[in-house]
Amino acid sequence: MLWPLVLPFQISAACLASLVVVLTAAAPRWRWKRGSTFLIATMLALFALVPSCTVVQLGIDALRFGRFDYADVSQIDDFRARRYLPDAAVDIEMHKHAQGYRARYSISEADFQSYLDGLWETYGSRSAVERGGYAGEESAADATTMQLAFGDLGWPTLESAVEFHSPTEPDGGGAVYYFDRQTGIAYQRTGYW
């Protein structure tokens, strides 16, 4: 849940700790006492930690969240983004956010069904909900639900989509798939903690 904060914290803490060390080491050059310099620099670093984390996070988030396009799954280097994404998916448009992503991609029906069956075979015993336990699963997808989930991305509603679900992690993580057999297009909404 807090994974997006870890890297900004690490970068900020390392930079501020380095600044404390440099100021403490250079204190005699300015005729300051090292002990006093260390205490003052440490206090200032502690006060600067939250603002520093905020600025670093804004910069990092601009690089790791938002819209990304991939020719295939092998180009995705984030293990969280690869989670619940079929290996056979191509022409991927992914919109990442801190707690998951939404994706649109092309895939054959055979590859999609094979992936989903393998996912359930491997992780189904650990799923918080059994396969077929979701309302509307493996039936025609509701256009209103799809519009609410993907409408802000400008994606057209899939006319012949069927709704599928991945195994659900105990913390609620998992994926919902809307697959259109006629066009070979899938929309996916994935959440993780």
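The values are calculated or read from the model by the stated rules, or taken from the named source; none is laboratory data. Just so it is clear, the model here is predicted, and its values are computed rather than measured. All Cβ positions, even for glycine, are placed from backbone atoms using ideal geometry, and neighbour counts span all protein chains on display. SASA here: full protein model, heavy atoms, side chains in, ligands and nucleic acids out. Shrake-Rupley method; radii C 1.70, N 1.55, O 1.52, S 1.80 Å.
Just to be sure, is residue 150 in contact (Cβ under 8 Å) with a residue 24 or more places away in the chain, assigned by the TED database to the domain that holds residue 127 and either part of a strand (DSSP E or B) or in contact with a Cys (Cβ under 9 Å, 6 or more places away or on another chain) (or both)? No, not satisfied.
When residue 32 is tested against (1) closer than 30 Å to residue 79 by Cβ; (2) in a loop (DSSP other than H, G, I, E, B), only condition (1) is not met.
Please tell me if residue 98 is within 15 Å of the chain's Cα centre (by Cα) and surrounded by 13 or more Cβ atoms within 10 Å (Cβ to Cβ). Criteria met by residue 98. Just one of (1) at pLDDT below 85; (2) under 24 Å from residue 73 (Cα atoms); (3) not hydroxyl-bearing (Ser, Thr, Tyr) fails for residue 96. It is (1).
For residue 171, state whether it is closer than 21 Å to residue 80 by Cα, under 24 Å from the mean Cα position of the chain (by Cα) and open to solvent by 50 Å² or more (accessible area, probe 1.4 Å).
yes
Tell me which residues, restricted to the range 1-32, are open to solvent by 90 Å² or more (accessible area, probe 1.4 Å), under 30 Å from residue 97 (Cα atoms) and without any contact (Cβ under 8 Å) to a residue 24 or more places away in the chain. Within the range 1-32, 2, 10 meet the criteria.
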